[in-house]
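Below is one structure; the comments refer to it alone.
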Ligand code: 5GP
């Protein structure tokens, strides 16, 4: 009996299949390979926990010499809505001054998290070039402006789970993305 999980996987409606995701991620990686120089190292910053599956699959198709860093931010708690503030849980990063940096995020909703992170990295770490890759873009929910360089899929304003995205901490392990019908 699952005590913490009140919504079953069988209720989920699929939005993007495993194939859809893998195909699109390869396309994004190709764009990144074209946009960054092969002669300079790339620092890929993955935002835990949601972006972990996306970033792992993305870097497999990136051919530029890369280092992968993980940072942890929290804004949703256990809820289906943003808490309205960003909580840096672990922001430790190497020296990125003058480097090429790619932030990898699962989804942009209000834009609050990304706005916070971009401001922090630009001001504190001074990279030469900072680009952003997000798997899903809920553009209609945006309240904070962010310039995103690579978008997997634009989506409507629904709460999605799977492929890194959680519901109450669960379902991150699903290889596809879906949503619970209202
Ligand atoms: P933002 O700061 O842009 O409002 O929200 C960013 C974070 O909220 C994402 O990194 C993600 O963790 C969480 N989030 C936003 N929308 C969804 C969603 O539809 N499903 C899940 N599981 N998390 C979401």
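Here, each number is a calculation from the coordinates, and none is a lab measurement. From a predicted model like this one, the values you see are computed outputs, not experimental measurements. Neighbour counts are summed over all protein chains in view; Cβ atoms, including those assigned to glycine, are modelled from backbone coordinates with ideal geometry.
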> Among the DSSP beta bridges whose two residues both lie in the range 1-139, what percent are antiparallel, rounded to the nearest 5?
Replying inline: 15 percent
>> Per residue, how big is the convex hull of the range 87-182 when only Cα atoms are used? Give it in Å³.
In response: 121 Å³
> So, in nm, how far is label residue 123 from label residue 27 when the simple model puts each one 7 Å beyond its Cα toward the Cβ?
Replying inline: 3.6 nm
> What number in nm² do you get for the chain if you take the convex hull of its Cα atoms and divide its surface by four?
Replying inline: 10.4 nm²
> Per the Debye formula with a single identical scatterer at each Cα and no solvent contribution, what log10 I(q)/I(0) holds for the range 98-151 at q = 0.16, 0.22 Å⁻¹?
Replying inline: -0.43, -0.78
> What percent antiparallel are the DSSP beta bridges of the range 63-182, to the nearest 5?
Replying inline: 35 percent
> What is the helix-to-structure angle for 18-35, meaning the angle in degrees between its Cα long axis and the longest Cα principal axis of the chain, kept from 0 to 90 and rounded to the nearest 10?
Replying inline: 20 degrees
> Gain in length, residue 87 to residue 11, computed as 0.36 nm per residue apart minus the alpha-carbon separation, to one decimal in nm?
Replying inline: 24.3 nm
> Where does the Debye-calculated log10 I(q)/I(0) of the range 1-51 sit at q = 0.22, 0.25, 0.28 Å⁻¹, using only Cα point scatterers of equal weight, no solvent?
Replying inline: -1.01, -1.09, -1.12
>> Please compute the length gained on full extension between residue 140 and residue 35, using 0.36 nm multiplied by the number of residues separating them and subtracting their Cα-Cα distance.
In response: 35.1 nm
